[in-house]
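To start, the structure under review is shown below, and the notes come after it.
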Amino acid sequence: MKAKTTFLKFILAGLVAFILFLSFLLTMGLLFSINERSVFPQQILASISLYLSAIASLLIIYYMYRMLGLVDSNTAFSAMSLVYVHAIFRLALMEFIVLTGTLPFVYFIADNDDAPGMMVIGLGMLIIPLAVATFVSIIEKLLKNAIELKLDSELTI
């Protein structure tokens, strides 16, 4: 492991631990609701959405780790990195679509607790993966142009 990406790999490991911890808390909350017989359809839909979102997040982190491996081997501007960036883009879009399943639960909470601000928070959480997907799409286009420029410069030498 090279020194230039060691810190970033530790950050990715911390993110994995955080996502796994949140998934554990979600499981405990769901088990508690099942024991209390207070499970309702919106809660199940939201739980499934959050589990699928956690899986997508872990896959994104996996592809980011692979990209850091490319940086370590000095092949960051290769076709493989373009494949990884495109996979991250698709996973971020999938996460946006999956997180729409949490909106009925957020609406249920906002309606029952008379807290309309909960809908704003729910929509804010929904917009984050879309913003990430947009940013990754821009990075993908920039990376594609950089790879083309690199190939052009290698052909002229």
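The values are calculated or read from the model by the stated rules, or taken from the named source; none is laboratory data. Computed from a prediction, not measured in an experiment: that's the story for all the values here. Please note: Cβ atoms are built from the backbone with ideal geometry, for glycine as well, and neighbour counts cover all protein chains shown. Ligands, DNA and RNA are stripped out before the accessible areas are found, and what is left, the full protein with its side chains, is counted by its heavy atoms. Shrake-Rupley method; radii C 1.70, N 1.55, O 1.52, S 1.80 Å.
Which of the lysines could be linked to residue 4 by a straight reach, that is with a Cα gap under 24 Å, when you skip same-chain ones fewer than 8 residues away? Output for residue 4: 144, 150.
Ignoring everything except DSSP H segments at least 4 long, calculate the 222 nm mean residue ellipticity for the chain; use -39,500 (n - 2.57) per segment, divide by total residues, nearest 500. Don't skip to the answer; put the middle values down first.
Numbers: 5 runs with 136 residues, N = 157.
Counting only the DSSP helices, I get -31000 deg cm²/dmol.
Provide Rg over Rh for segment 1-89; use the alpha carbon set for both Rg and the Kirkwood Rh (inverse mean inverse pair distance). Please report the intermediate quantities before stating the final value.
Values: Rg = 17.5 Å, Rh = 15.1 Å.
Expressed as Rg/Rh, it is 1.16.
Kirkwood hydrodynamic radius for segment 66-149: how many Å is it when counted over pairs of different Cα atoms?
Numbers: mean 1/r = 0.0679 Å⁻¹.
One over the average 1/r among Cα pairs gives 14.7 Å for segment 66-149.
For the chain, give the percent of accessible area contributed by carbon and sulfur heavy atoms, probe 1.4 Å, rounded to a whole number. Here carbon and sulfur together make up 75 percent of the probe-accessible area.
Residue 79 to residue 156: extension gain in nm, 0.36 nm per residue of separation minus the Cα-Cα distance?
That works out to 25.8 nm of additional length.
What segment 1-74 shows is 66 Å² of accessible area per residue, with the surface traced by a 1.4 Å probe over protein heavy atoms. Scanning the chain for long hydrophobic helices, with DSSP H runs required to stretch 20 angstrom or more by C-alpha along their axis and to average at least 0.5 on the Kyte-Doolittle scale, returns 3-35, 41-72, 79-99, 117-156. State the Cα centre-to-centre distance between segment 132-149 and segment 69-112 in whole Å. The two parts, judged by their Cα centres, are 15 Å apart.
For the chain, the extents of the C-alpha atoms along the principal axes are 70, 29, 20 Å, listed from largest to smallest.
Highest mean packing first, where packing is the average number of other Cβ atoms within 10 Å per residue, the peptides 10-17, 136-143 line up as 136-143, 10-17.
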